[in-house]
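The values are calculated or read from the model by the stated rules, or taken from the named source; none is laboratory data. Keep in mind the model is a prediction, meaning the values are calculated, not measured. In this analysis, Cβ positions are derived from the backbone assuming ideal geometry, glycine residues included, and neighbour counts consider all displayed protein chains.
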Amino acid sequence: MNIAATTDSVPRGGANPYGFVKAFRVQIIVIWALMMRELHTRYGRDNLGFLWVMAEPLLFCTAVTILWSITKGRYEHGIAVVAFTITGYMPLLLWRHSLARSLFCFRSNASLLYHKQVTALDLLFARVVLEILGCFLAYLTVSFIFFTLGLYEFPKDWGFFYLGWTYHILYATGTALIVACMTEMYEWTEKLIGPLGYIMVPLCGFLYMVDWLPDRAQKYALFLPSVNAYELVRAGQFGPDVRVHYSLPYVTFVCVGMVTVGLMLCRRVRQHIVIE
């Protein structure tokens, strides 16, 4: 059953009787309600609920820190292993979770599109925003725990740190938009998502810095927008202690381009959304 017509809640021609501010406020309320629904569906109402989102990065960072400390000591290439692990794993967690939650996002919530205030974009944005908030909460929790243990220092340059995170958010959002639309339009693309997630782990910049690579490999690594974003985060984390490589015009063009393509695909995907 085609439900594309139900998603067009705003009249064409620019006429909006509620006004832009009021309409924007309604969409914020809708996204918030969808986030609460997703929270209850995913984590339930009992026990720790949403707090479980911090368990995975905490366990991972602890395990990697212990393993690397035994095999390589507390420092690798002159930088602290704990800080390197935290700044590497948190963005990876955001990207992987956004990728996973975008699979058939529209189809699994298609019945909600009968409400005229709910759009396909709202369904996806609710999930992505939830992952962003969860990731930052996890970062604050993990970093505070290791800080109190004397194993982690907070970033030396918050400007670069937040700029790098901004690009990671854009990259994760663009990926989620494109994947959500592609899996709805072409079901065979679902088979590619699993391998893509594993391939990107060693390539994305999580396990290395560009300066550690051979000269010939550095320029190829910087073709990945995630690598540029990682370099910015670690420039903020370690300051002058590390040498970083990145291209702001390139990573801006790619990340904004991915979001733009994703938004364009969202306009076309409506005719493919069906209720099973």
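The single condition among (1) in contact (Cβ under 8 Å) with a residue 60 or more places away in the chain; (2) crowded, with 24+ Cβ neighbours inside 10 Å; (3) under 19 Å from residue 87 (Cα atoms); (4) of a type outside the set (Ser, Thr, Tyr) that residue 225 does not satisfy is (1). Which of the residues spanning segment 69-123 are assigned to a helix (DSSP H, G or I) and free of Cβ contacts under 8 Å to residues at least 60 places away in the same chain? Selection gives 69, 70, 71, 72, 81, 85, 90, 93, 97, 108. Is it fair to say residue 253 is in a loop (DSSP other than H, G, I, E, B) and closer than 30 Å to residue 104 by Cβ? Spelling it out, it is not the case that residue 253 is in a loop (DSSP other than H, G, I, E, B) and closer than 30 Å to residue 104 by Cβ. Among the residues that make up segment 197-208, is at least one of them surrounded by 17 or more Cβ atoms within 10 Å (Cβ to Cβ), of a type in the set (Ser, Thr, Tyr) and free of Cβ contacts under 8 Å to residues at least 24 places away in the same chain? Taking every residue of segment 197-208 in turn, at least one turns out to be surrounded by 17 or more Cβ atoms within 10 Å (Cβ to Cβ), of a type in the set (Ser, Thr, Tyr) and free of Cβ contacts under 8 Å to residues at least 24 places away in the same chain. Residue check: residue 220 meets all listed conditions (1) on the phi > 0 side of the Ramachandran plot; (2) free of Cβ contacts under 8 Å to residues at least 60 places away in the same chain but one, namely (1). Which of the residues that make up segment 152-166 are part of a loop (DSSP other than H, G, I, E, B) and surrounded by fewer than 19 Cβ atoms within 10 Å (Cβ to Cβ)? Once the filter is applied, which keeps residues that are part of a loop (DSSP other than H, G, I, E, B) and surrounded by fewer than 19 Cβ atoms within 10 Å (Cβ to Cβ), segment 152-166 yields 153, 154, 156, 157. Restricting to segment 160-189, name every residue that is farther than 28 Å from residue 31 by Cβ and within 20 Å of the chain's Cα centre (by Cα). Hit for segment 160-189 is 160, nothing else.
So is residue 239 touching a Lys or Arg at 6+ places or on another chain (Cβ under 6 Å), in a helix (DSSP H, G or I) and in contact (Cβ under 8 Å) with a residue 60 or more places away in the chain or not?
So residue 239 fits the description; yes.
Looking only at segment 118-140, decide whether some residue is surrounded by fewer than 21 Cβ atoms within 10 Å (Cβ to Cβ) and either at pLDDT 90 or above or touching a Cys at 6+ places or on another chain (Cβ under 8 Å) (or both). Within segment 118-140 (the criterion being surrounded by fewer than 21 Cβ atoms within 10 Å (Cβ to Cβ) and either at pLDDT 90 or above or touching a Cys at 6+ places or on another chain (Cβ under 8 Å) (or both)), the answer is yes, since at least one residue qualifies.
When 100, 15 are checked against the criterion of being of a type outside the set (Phe, Trp, Tyr), at pLDDT 80 or above and more than 20 Å from residue 263 (Cβ to Cβ), 100 stands alone in meeting it.
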